[in-house]
Amino acid sequence: MYKQQIWDQVRSQADVTPSIYGAVDFDALPERFAGAASDPNELRTATEAERAQLLADDGLMTLVRAYTFMGDRVADPYAALMPEHGFKRLIEMLDQACRHGIDSVPDAPPQLRDFIAAMETVPDWLDMALVEEGARIERAPMAIMSPIAIRAAFIATFMNRYAALPMALTGTLSNESAARRVKETATFFATSVLPGALARGGEGFRAAAMVRLMHSMVRFNAMRKGRWDVSVYGIPIPQVDQMPAGLIGVTMMSAAILREGRSEFTPEERARVELSRYRCYLLGLPEALLGTTPKEIVTLMAAGLATLRSGFDDETCGSLLRATIGAYLPADESLPSRIFDRVEKGFSKVFFVKNYAGGDKAKAASMGVVPDTLDKACYGIAAAVAGSRMLAYKLAMNVPMLSAAVDRRLVAIIRKQLAAWGHAHFTTDASAYRPNAPSAPHPTPGQPASDQPASTAATRRSS
């Protein structure tokens, strides 16, 4: 019964949003889905037996297959109104509804009402106090690590050609557009840990709505006019591809817990998990993909990687990589900003070699990343400074007389960083799209891909 229900939801997308899903054959698995034992995939550290166990789990595979075809059942219909209203008006109405309620929007389309109603629906499991505690715990890592690590983390989103194509298609191949996407990603996650941000009407709530609309606009623009090959890539930005961005931190934590022989979260760990789960819920991820225990979280992520076919091509992944590495992120050209840019780029290059190229310098060089001596020095300096600051803040947060003042300081740092990143538009303009999907050869199903990098080091460790 459950299997039938989930596939009914998937297939209903064709009726609800025919402009996106009307021509999709939901019974034909796309090339990207690596469902056979011999298929090259992104679950790199698991044994053949471990992956086979995942593939043999019918319930788990039902989830992964279904959500490989699932977009956003409430944001997609709203995005499909672009020909009628224009993308700027859709953004304006959504922003108005988030800030002042749906009734404040004159002649609000029913699709917008459904969208807002879905975001306002409170899941049974939500404990907002626990979410706020998770945000408080995450403020120190966000304030200290995000400025130096956001470029490196962003790279993980396009190390696989099947998952990266939407970003390439939307014109993120220049340094300027790559910088904008990096800042938008950083802005959303930084905003989400501010006090009260994920509450109804909060900054993070609005940002989540805008991110969902942007993803749906990408689906709408990519799927029309023959710009997308569903038989190869599936649908743009399916739910399974959104798990790593929202859950990679708690997946790494869960994997470490399992290695320690534990099966439950501590109260502090649980708070971090609930923050991530609710943030993902607001972004539209189905509850079925939001595990509640360390084992569930690791298993769901592993299943997603085990069924994502390996594939790195220079036209898609390489171009995105080089554009992102070369992007200038600081807000100005002052000497301190240029110094920070140099240190942060050095950190990102070395991080890439260590984590995305598995330490293989030749492989990294083939992708256009060749850290020099100064890059390595920058990595060491950035890691040492950030590590010492993290330790100092952690110790101070545990002192009752200091914790409130320290938290206020962290909030101020995050807000200053948000101001430096600038206003995030969370939009996608179809006029900037590349006319066709990249034409670089894709691997034949079953073809070995031992020279392909894993999608993220974090998920390698978690598996």
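The values are calculated or read from the model by the stated rules, or taken from the named source; none is laboratory data. Small disclaimer: the values here were computed from a predicted structure and weren't measured. Here the Cβ positions follow ideal geometry from the backbone for every residue, glycine too, while neighbour counts run over all protein chains shown. Surface areas here come from the heavy atoms of the whole protein model, side chains and all, with no ligands, DNA or RNA. Shrake-Rupley method; radii C 1.70, N 1.55, O 1.52, S 1.80 Å.
Whether any residue in region 99-108 is more than 19 Å from residue 284 (Cα to Cα), among the acidic types (Asp, Glu) and open to solvent by 30 Å² or more (accessible area, probe 1.4 Å) is what I want to check.
Yes, the conditions are met somewhere in region 99-108.
Mind checking whether some residue in region 44-51 is surrounded by fewer than 12 Cβ atoms within 10 Å (Cβ to Cβ), modelled with pLDDT under 95 and β-branched (Val, Ile, Thr)? Don't jump to the end; show me each part of the working.
Here is the first cut: in region 44-51, the ones surrounded by fewer than 12 Cβ atoms within 10 Å (Cβ to Cβ) are 47-49.
So of that shortlist, the ones also modelled with pLDDT under 95 come out as 47-49.
Those left that are additionally β-branched (Val, Ile, Thr): 47.
The answer is yes; a qualifying residue exists.
Given the conditions (1) of a type outside the set (S, T, N, Q); (2) open to solvent by 10 Å² or more (accessible area, probe 1.4 Å); (3) touching a residue at least 40 places away in the same chain (Cβ under 8 Å), and given that residue 311 satisfies all but one, which numbered condition is not satisfied?
For residue 311, the exception is condition (2).
Looking at 44, 73, 32, which is the one that is in contact with a strand residue (DSSP E or B) (Cβ under 8 Å, 6 or more places away or on another chain) and touching a residue at least 24 places away in the same chain (Cβ under 8 Å)? Don't jump to the end; show me each part of the working.
Details: 44 fails: in contact with a strand residue (DSSP E or B) (Cβ under 8 Å, 6 or more places away or on another chain); 73 fails: in contact with a strand residue (DSSP E or B) (Cβ under 8 Å, 6 or more places away or on another chain).
Matching residue, one of 44, 73, 32: 32.
Against the condition at pLDDT below 95 and more than 22 Å from the chain's Cα centre (by Cα), how does residue 105 come out, does it pass? Write out each step before concluding.
Working: at pLDDT below 95: no; more than 22 Å from the chain's Cα centre (by Cα): yes.
No: the conditions fail for residue 105.
Going by the conditions given, is residue 243 closer than 26 Å to residue 87 by Cβ, modelled with pLDDT under 95, assigned to a helix (DSSP H, G or I) and of a type in the set (A, V, I, L, M, F, W, C)?
Values: closer than 26 Å to residue 87 by Cβ: no; modelled with pLDDT under 95: yes; assigned to a helix (DSSP H, G or I): yes; of a type in the set (A, V, I, L, M, F, W, C): yes.
The answer is no for residue 243.
Show the residue pairs meeting these rules: Cβ distance below 8 Å; 6+ apart or different chains; first residue within region 212-228 and modelled with pLDDT under 85; second residue open to solvent by 40 Å² or more (accessible area, probe 1.4 Å) and not charged (D, E, K, R).
Filtered contacts from region 212-228: 224/19; 227/435; 227/436.
In region 314-340, what residues are outside any helix (DSSP H, G or I), of a type outside the set (Gly, Ala, Ser) and open to solvent by less than 30 Å² (accessible area, probe 1.4 Å)? Give the steps one after another, and end with the answer.
Residues of region 314-340 outside any helix (DSSP H, G or I): 327-334.
Within this subset, residues satisfying the condition of being of a type outside the set (Gly, Ala, Ser) are 328-330, 332-333.
Of everything in region 314-340, those that are outside any helix (DSSP H, G or I), of a type outside the set (Gly, Ala, Ser) and open to solvent by less than 30 Å² (accessible area, probe 1.4 Å) turn out to be 329, 330.
What are the residues in region 341-360 that are surrounded by fewer than 17 Cβ atoms within 10 Å (Cβ to Cβ) and either part of a helix (DSSP H, G or I) or in contact with a strand residue (DSSP E or B) (Cβ under 7 Å, 6 or more places away or on another chain) (or both), if any?
Step one: of region 341-360, the residues surrounded by fewer than 17 Cβ atoms within 10 Å (Cβ to Cβ) are 341-342, 354, 358-360.
If the condition is that a residue be surrounded by fewer than 17 Cβ atoms within 10 Å (Cβ to Cβ) and either part of a helix (DSSP H, G or I) or in contact with a strand residue (DSSP E or B) (Cβ under 7 Å, 6 or more places away or on another chain) (or both), then 341, 342, 354 are the ones that fit.
For every residue, the table says whether it meets (1) more than 21 Å from the chain's Cα centre (by Cα); (2) over 21 Å from residue 189 (Cα atoms).
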| residue | (1), (2) |
| --- | --- |
| 283 | no, no |
| 299 | no, yes |
| 306 | no, yes |
| 317 | no, yes |
| 335 | yes, yes |
| 343 | yes, yes |
| 349 | no, yes |
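In contact with a Phe, Trp or Tyr (Cβ under 7 Å, 6 or more places away or on another chain), small (Gly, Ala, Ser) and either open to solvent by less than 80 Å² (accessible area, probe 1.4 Å) or farther than 22 Å from residue 244 by Cα (or both): is that true of residue 38 in this structure? Give the derivation first.
Details: in contact with a Phe, Trp or Tyr (Cβ under 7 Å, 6 or more places away or on another chain): no; small (Gly, Ala, Ser): yes; either open to solvent by less than 80 Å² (accessible area, probe 1.4 Å) or farther than 22 Å from residue 244 by Cα (or both): yes.
Taking the combined requirement at face value, the residue does not satisfy it.
Test residue 370 against the stated conditions and say whether it is assigned to a helix (DSSP H, G or I), over 21 Å from residue 191 (Cβ atoms), of a type outside the set (Phe, Trp, Tyr) and open to solvent by 50 Å² or more (accessible area, probe 1.4 Å). Reasoning before the result, please.
Working: assigned to a helix (DSSP H, G or I): no; over 21 Å from residue 191 (Cβ atoms): yes; of a type outside the set (Phe, Trp, Tyr): yes; open to solvent by 50 Å² or more (accessible area, probe 1.4 Å): yes.
Criteria not met by residue 370.
Answer yes or no as to whether residue 167 is modelled with pLDDT under 90, open to solvent by 30 Å² or more (accessible area, probe 1.4 Å) and under 27 Å from residue 190 (Cα atoms). Give the steps one after another, and end with the answer.
On the way: modelled with pLDDT under 90: yes; open to solvent by 30 Å² or more (accessible area, probe 1.4 Å): yes; under 27 Å from residue 190 (Cα atoms): yes.
Taking the combined requirement at face value, the residue satisfies it.
When you scan region 265-297, how many residues do you find that are part of a helix (DSSP H, G or I), open to solvent by less than 20 Å² (accessible area, probe 1.4 Å), under 25 Å from residue 140 (Cβ atoms) and of a type outside the set (Gly, Ala, Ser)?
Adding up the residues that qualify gives 9.
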